[in-house]
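The values are calculated or read from the model by the stated rules, or taken from the named source; none is laboratory data. Values in this document were obtained by computation on a predicted structure and should not be read as measured data. Because the Cβ atoms are built from the backbone with ideal geometry, glycine has one as well, and the counts that use them run over all protein chains shown.
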Amino acid sequence: MKAEVGDLVVVASRKLLGQVRVGEVIAVGDSSGGGPYRVRWSDDGRETLFFPGPDAHVEHPSDKHPDAQAETVSDKQ
Amino acid sequence: MTAHSVQFRGSGRTHENQSSPPRNHYANPWQVLSEANDGRLLFLTGHGVRAVVVQYTLAGEEIMLHLPDFNEATHYVSNSHVVLEAIAPVDGYRWKVSASGDAAEIPDHDVLAATAAHLEQWPTGIASRYIVIKPTSLDVAPDEP
């Protein structure tokens, strides 16, 4: 999984808590874009250090069709 | 495991005070989980999300629970997606970890005695089950109001 500052992280499994959870990547842990990421979550505005798993993927805001081009996480942190 | 501090690209602001960790400093979520031995287990029922406080222990990168049958969570969590939230101090700050993943029941004989010894013990006659959670996503943040 690779992300840049400004990308969106979508965690599908968080449906359990009422909705799919979406957050903005505000910092990345290394220059390769690999996780963990510091994410500001849209549901509560909090920032956490997020270690993504296979239930998360990245959407790039610049993509015209983000759903079609979403990068799926294939490796566990 | 040790706590670590990560210098982030794109993090322009800094914020430090005595009650909050430096902005770029985060604890290792597994260390927070290992420091706490109880947490809030969230699971989905037919009436919405429920939460119960449970004791747990770590077995590698799995979270082990020993729940009695009279706990409603026991009947909902197996083969379901759950979230465990735990709070513990690491490096002098309080951290909150959310670990989400699928839970499954495992047979008693598959649980190591050393692992079982760290879990709740239930009296003879009270049916109970061992549950394992395999976290897929983790996040950690300072535990602030």
(Q) Looking for something of a type in the set (A, V, I, L, M), modelled with pLDDT of 85 or more and in contact with a strand residue (DSSP E or B) (Cβ under 7 Å, 6 or more places away or on another chain) - is there at least one such residue anywhere in the range B:23-32? (A) yes
Q. Where residues in the range B:91-115 are within 14 Å of another protein chain (Cβ to nearest Cβ) and among the hydroxyl-bearing types (S, T, Y), which of them is surrounded by the fewest Cβ atoms within 10 Å (Cβ to Cβ)?
A. B:Y93
Q) Mind checking which pairs have a first residue in the range B:116-141 that is within 23 Å of B:V32 (Cα to Cα) and a second that is β-branched (V, I, T) and surrounded by fewer than 21 Cβ atoms within 10 Å (Cβ to Cβ), Cβ under 7 Å, 6 or more apart or different chains? A) B:H118/B:T57; B:L119/B:T57; B:Y130/B:I106; B:Y130/B:V111; B:V132/B:I106
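Under the condition of being within 14 Å of another protein chain (Cβ to nearest Cβ) and buried (at least 20 other Cβ atoms within 10 Å of the Cβ), which residue from the range B:116-145 is farthest from B:L42 (Cα to Cα)? If you could, list the steps in order and put the result at the bottom.
Taking the range B:116-145 first, the residues within 14 Å of another protein chain (Cβ to nearest Cβ) are B:133-145.
Cutting the leftovers down to buried (at least 20 other Cβ atoms within 10 Å of the Cβ) gives us B:133, B:135-141.
Numbers: B:I133: 12, B:P135: 13, B:T136: 15, B:S137: 15, B:L138: 14, B:D139: 15, B:V140: 17, B:A141: 18 Å.
So the residue we want is B:A141.
So, A:D75, is that one at pLDDT below 90, under 20 Å from B:P29 (Cβ atoms), over 10 Å from the mean Cα position of the chain (by Cα) and surrounded by fewer than 16 Cβ atoms within 10 Å (Cβ to Cβ) or not?
Values: at pLDDT below 90: yes; under 20 Å from B:P29 (Cβ atoms): yes; over 10 Å from the mean Cα position of the chain (by Cα): yes; surrounded by fewer than 16 Cβ atoms within 10 Å (Cβ to Cβ): yes.
Answer is yes for this residue.
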(Q) From the list B:L58, B:L41, exactly one residue is touching a helix residue (DSSP H, G or I) at 6+ places or on another chain (Cβ under 7 Å), surrounded by fewer than 18 Cβ atoms within 10 Å (Cβ to Cβ) and at pLDDT 95 or above. Which is it? (A) B:L58
